[in-house]
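Okay, structure first, notes after.
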Amino acid sequence: MTVEIELFGQLLPGKQRKQTLAMEHPMNVQEVAAWLGLNPKEIGLITINRVQSELDDPVPPDSRLCFFPPMSGG
C-alpha cells in the first residue's frame, strides 16, 4: 500500500515536495503528518484524491495526499 504525498508553501522548508509512503498498516492523516514531522497547527488544508479532508480521516491505499499551509484571500 503506497501513498503519494505532496507538500505546499510554508510546509516545504527542509522537506521534499513529493514523497511516497509505503504503509505497512492503515493510517489516518494525522499519523502521516507525524511521520512527515509536520505540526498539525501549521496545516491549513488537507486533500485526499482532490477531496478536502480532516486529520482524523483514514488514508486509503494508492491515494494522493496533499498538505497545504493556512491560506488567506478574499
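Applying the Karplus relation 6.51 cos²θ - 1.76 cosθ + 1.60 with θ = phi - 60° to the stretch 4-17 yields 3J(HN,Hα) values of 8, 10, 9, 10, 10, x, 5, 7, 7, x, x, 10, 7, 5 Hz, where x marks Gly and Pro. With each label modelled as a point 7 angstrom along the Cα→C-beta vector, the Gln52-Glu6 pair spans 1.9 nm.
Farthest towards the positive end of the charge dipole of the chain, among the residues Pro69, Thr47, Asn28, is the Cα of Pro69, using unit charges on the Cβ of Lys, Arg, Asp and Glu. Distances between placed amide hydrogens fall under 5 Å for Ser63 paired with Glu4, all partners being 5 or more residues away or on another chain.
Dividing the helix sum by the residues of the chain, where each DSSP H run of 4 or more adds -39500 (n - 2.57), gives a mean residue ellipticity at 222 nm of -3000 deg cm²/dmol. Under a point-charge model restricted to the Cβ atoms of Lys and Arg (+1) and Asp and Glu (-1), what is the dipole moment magnitude of the chain relative to its Cα centre, in debye to the nearest 20? So the magnitude is around 340 debye.
Taking a quarter of the surface of the Cα convex hull of the chain gives a mean projected area of 4.8 nm². Residues whose amide H lies under 5 Å from that of Leu45, counting only those 5 or more places away or on a different chain, are Phe68; hydrogens are built 1.01 Å from N in the peptide plane.
Bear in mind that the values in this text are calculations on the coordinates, not laboratory data. It should be emphasised that the depicted structure is a prediction, and the values quoted were computed from it without experimental measurement. Counting neighbours? That spans all protein chains shown, and the Cβs are built from the backbone with ideal geometry, glycine included.
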